[in-house]
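Each remark here refers to the structure printed beneath this line.
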Amino acid sequence: MSYHQPPHKDRILIKGAYLMTQDDELGNLVGDVLVADGRILQIGQDLRDDEARLVDGTGNAVLPGFIDTHRHNWQGALRNLGPAWTYQEYRSQVQIGLGQYFEPEDVHIGNLAADLMSLDSGVTTVRDESHISNSPEHSDAAIAAHWESGIRAVFDHGWPSTEAEQWQFGSSRTHPDDIRRIRNEVLSDDSARVTLNAMLRGPELSTADVAAQDIRLARELGLRISMHVGLGEWGARQQAVRQLAESKLLASDMTFIHLCTSTDEELRMLAAHGATASVASALEVFMPGLGQPATNRLLAAGVRPSLSVDTETIVSGDMFGVMRAALAYQQLIIAGAAGPMDRAPGLPTFDAADLIAFATIEGARACGIDDRTGSLTPGKEADLIMVRLDHTNLLPATNVAASIVAGGHAGNVDLVVVAGEVRKEHGVLKKGDAVFAEAAASRDRLFHAAGLPLPS
Ligand SMILES: [Zn+2]
């Protein structure tokens, strides 16, 4: 297949752009970026290179690609179905209702649709939380889509969506053993564009014994771990982070997703152990039942969080909306109108520049890949985007970070480069048209198989 051929690496020189490097030493500057052999070779002023393709960055912003630290890519063909769904409606419709009917080709097309949507909106890395491990072929199909799309992906192997009720909320089933095969035979190279993590249920969704056994398995295989915790009232009762700390399993190889109803003390435990966090702010604001974004409480605990989309069935798959939702909820806190967990006086706040950092370098840290991506730093892999600031919705772009956060959308993303390869140019994605027709066919087949009417 095409991804076994050596990739073409573009040599690109972007001139005169406003560079938001997310590199502490370089900061923000007007300058040039030279990309060669898949890496950022140089950042500076008046760079020259006779062989490179020139990109005029004048008046545009160049920043590291967005990093979405938690998305269920398999649901890419089910996008925008239920913006007003509750958590229970989402679970019954998608995870339980449709998930059991997914064939490997549905996972493949869903993942591909999610990847392409991500690239189009400037997401260059996605952590694919794949709880659709209905068979080894399902997982292989998801991984194949990541190779094909050209995105950087952390494939997070999860549990099946068949018998969904048996795999969550007190489950006594251990993590599917197929993760060993994937580690040994499919994704053994931790420096590749597609790498492997373990999406575990932890003590919130499985028994304490199963949680401990699963964590030992992931560590035996040398895999970083992600875990959904702090989900609604159930999460508040379980206190998964506290359980992990008390059983000496909490460590810096873990990323905790949501944390909506985790206590402040748990967030401080997370910080003390060097673990990381993923706030799915848009989803948490839109979907009743989970709790509210923990962004400000995390900052109070000393954790700078990453951001994530979660499920495209409910919220838009771009990071602009995720950043805006985090900010919207913070403003409710400031107004004294937030949920009870956020009524402590003096919670620290964040601004637009912080949000860009949460959506880039903090995402790389949460995925354990900040040595390779997340900032415009010479030597790192070239994962970058150019955002046009001369579009009507962004002019006159007085403060660039504020403009992108307040007004940015996928249509402003002009150039997307992943590992030195151009994936979107002049505002046009390089491939994708056929994928969305197949995605619609997959959606129709799934609803038919489940005996459900298409929502109208
Ligand atoms: Zn999720």
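Coordinate-derived values only; no laboratory data. Predicted model only: the values in this text are computed from it and were never measured. Note that each Cβ is placed from the backbone with ideal geometry, even for glycine, and that neighbours are counted across all protein chains shown.
Computed values, structure above
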| item | result |
| --- | --- |
| Kirkwood-type radius of region 337-449, with distances r between different C-alpha atoms, in Å | 17.4 |
| Pairwise Lys count, the chain - Cα closer than 29 Å, eight or more residues apart or different chains | 11 |
| Model label zone, THR398; criterion: amide N under 13 Å from point 7 Å along Cα-to-beta-carbon; scope region 17-36 | none |
| Inter-label distance, nm, simple model (7 Å from Cα along the C-beta direction), ASN80/ASP37 | 4.3 |
| Computed over region 253-308, Kirkwood Rh from alpha-carbon pairs, angstrom | 11.0 |
| Fewest-first ranking of SER375, SER92, using other Cβ atoms within 10 Å as the exposure measure | SER92, SER375 |
| Residues of region 364-389 with amide N under 20 Å of the 7 Å Cα→Cβ point at VAL30 | 386-389 |
| For region 64-203: rounded, prolate or oblate by the Cα gyration tensor [a/c cutoff 1.5] | oblate |
| ASP49 paired with ALA335, simple spin-label distance in nm, labels 7 Å along Cα-to-beta-carbon | 4.7 |
| At q = 0.10, 0.19 Å⁻¹, base-10 log of I(q)/I(0) for region 126-223 (Debye sum, equal scatterers on each alpha carbon) | -0.25, -0.87 |
| Scaled radius of gyration (Cα, divided by 2.2 N^0.38 Å) that the chain gives | 0.93 |
| Pair ASP56, GLN88: separation of 7 Å Cα→Cβ label points (nm) | 5.9 |
| Sequence of PHE436, PHE256 once ranked by neighbouring C-beta atoms within 10 Å, starting from the fewest | PHE436, PHE256 |
| Sorted by Cβ density within 10 Å, fewest first, the residues PHE169, PHE320, PHE66 | PHE169, PHE320, PHE66 |
| Cα-based helix-to-principal-axis angle, 208-220 vs the chain, degrees rounded to 10 | 40 |
